[in-house]
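Asks: Structure incoming, see below.
The values are calculated or read from the model by the stated rules, or taken from the named source; none is laboratory data. What you see is a predicted model, and the numbers here were worked out from it, not measured in a lab. Cβ sites come from the backbone with ideal geometry, for glycine too, and all protein chains shown count toward neighbours. Accessible surface is based on the protein model in full, side chains and every heavy atom, while ligands, DNA and RNA are left aside. Shrake-Rupley method; radii C 1.70, N 1.55, O 1.52, S 1.80 Å.
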Amino acid sequence: AQKVKHCISTYLLVRSTKHGVHRGMSSVTIPPPACMLRPLEVPFRYLFGPGPSNVPPRILAAGGRPIIGHMHSEMFGIMNDIKKGIQYAFQTSNNMTLAMSGSGHTAMECAVFNIVEPGESVLVAINGIWGERVAEIAERMGAKVHTLFKTPGGHFTNAEIEQALAKHKPVLFFLTHGESSAGLVHPMDGVGDICHKYNCLLLVDSVASLGAAPLLMDQQNIDILYTGSQKALNAPPGTAPVSFSERACHKMFNRKTKPVSYLLDMTHLSNYWGNDGKPERIYHHTGPVSGFFALRESLAILAEMGLENSWSHHTEIAEYLWKGLEDLGLKLFIKDKDLRLPSVTTIAIPEGYDWKELLAYIMKHHRIEFTGGLGPSVGMVLRIGLMGYNCNKANAAMALAALEDALKQCRKSKA
């Protein structure tokens, strides 16, 4: 019976018409899913977590423009605009500047895969989740990984960094500028100089900090810098600006082995972005055309506002939020005001409360997303992010009111 059933489900239907014979397979046994026959529904939410942030109408409109080919000359012009916008945002004149087709992790892997060869020494500063990720990426591709470690909220002195560089002699040192899992912005002055003293390249993650806290790639001697589109830039997730210094390019393009990833191979990507000096761009992969439209618009908004204005605005709103939180009797996780990340504020979980219950209440009753910790900071903090388009006093006041309501309504243990 099973054999007969199989034959019935797979035979060819043959029918004759005046135009000839048409064959059609009868093997379609999975019906269209009911969910695909309904319209898409997406709720509105205030994204006041560590990212993604709400996307302003202007950037949504840019992403919704008619698509063009990824190898059209007009697309190359838009990519050239993006490159110039990234150079401004990063404060760099590096020619090797581009946007990755993917999230910040894509740029993270691109940097490690292209700079480091198997067996080479890498030093990673871990004071939250992003250092943990880079250490694992480097280990997976065969590097000798050494770590500097602090608990979430801790930062590294230049003396500690220099001591580790002298000991391990790495080709690459990784440091997170905006550690969003802990709400810490790391001091950068002097770090690049120390790295170069030991013939080491400096790789910096600015996904959570770009546009919100001062960072100067060339002046601070950062060799590789990357960020994400979905934080203070307010574009949808899916593109990741990255830039490589001349020193980094010399190491990257004089490898003995090919990078482990074809997709992230900068030999090809440099050509796709018109950075290799060749007259013609050759197909490598299909870039996220609509994502690039949105990224271009987000960089234009930052340029119109001005970097210094953006930095001071984020600081102003963050200080307003910090005062409001302290007025509620809450404790800020980063004690030193100068080390607090303006874009992502971390609050020590208030004693006696279930942090998951607080977050669920705020989402249900206020349509606001806050988050808990991430990686090593889970169970330690609540996180509130006010970035770019979301960064204003009205939103800060809304966040404070929602948190105050949750503290009143949620159960508090008697212990």
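Asks: Would you point out which residue out of 82, 78, 68, 86 is more than 30 Å from residue 222 (Cβ to Cβ), at pLDDT 95 or above and surrounded by 12 or more Cβ atoms within 10 Å (Cβ to Cβ)?
Replies: 68
Asks: Quick check, is residue 147 within 30 Å of residue 372 (Cα to Cα), open to solvent by 50 Å² or more (accessible area, probe 1.4 Å), in contact with a strand residue (DSSP E or B) (Cβ under 7 Å, 6 or more places away or on another chain) and touching a residue at least 24 places away in the same chain (Cβ under 8 Å)?
Replies: Yes, satisfied.
Asks: Let me ask another. Only one of (1) under 13 Å from residue 182 (Cβ atoms); (2) free of Cβ contacts under 8 Å to residues at least 12 places away in the same chain; (3) small (Gly, Ala, Ser) fails for residue 312. Which number is that?
Replies: Condition not satisfied by residue 312: (1).
Asks: If you check 142, 104, which single one turns out to be among the small types (Gly, Ala, Ser), in contact with an Asp or Glu (Cβ under 9 Å, 6 or more places away or on another chain), in contact (Cβ under 8 Å) with a residue 12 or more places away in the chain and surrounded by fewer than 20 Cβ atoms within 10 Å (Cβ to Cβ)?
Replies: 142
Asks: Of the residues 134, 124, which is open to solvent by less than 40 Å² (accessible area, probe 1.4 Å) and part of a helix (DSSP H, G or I)? Don't jump to the end; show me each part of the working.
Replies: Details: 124 fails: part of a helix (DSSP H, G or I).
The unique qualifying residue is 134.
Asks: Within segment 338-357, is there a residue that is hydrophobic (A, V, I, L, M, F, W, C), under 19 Å from residue 412 (Cα atoms) and part of a helix (DSSP H, G or I)? Don't jump to the end; show me each part of the working.
Replies: As a first pass, look at segment 338-357 and keep what is hydrophobic (A, V, I, L, M, F, W, C): 339, 341, 344, 347-349, 355.
With under 19 Å from residue 412 (Cα atoms) added as a condition, the list becomes 347-349, 355.
Imposing the further condition that a residue be part of a helix (DSSP H, G or I) reduces the set to 355.
Within segment 338-357, one or more residues are hydrophobic (A, V, I, L, M, F, W, C), under 19 Å from residue 412 (Cα atoms) and part of a helix (DSSP H, G or I).
Asks: For segment 87-116, name all the residues that are under 22 Å from residue 267 (Cβ atoms), touching a helix residue (DSSP H, G or I) at 6+ places or on another chain (Cβ under 7 Å) and aliphatic (A, V, I, L, M).
Replies: 96, 98, 99, 100, 108, 112, 115, 116
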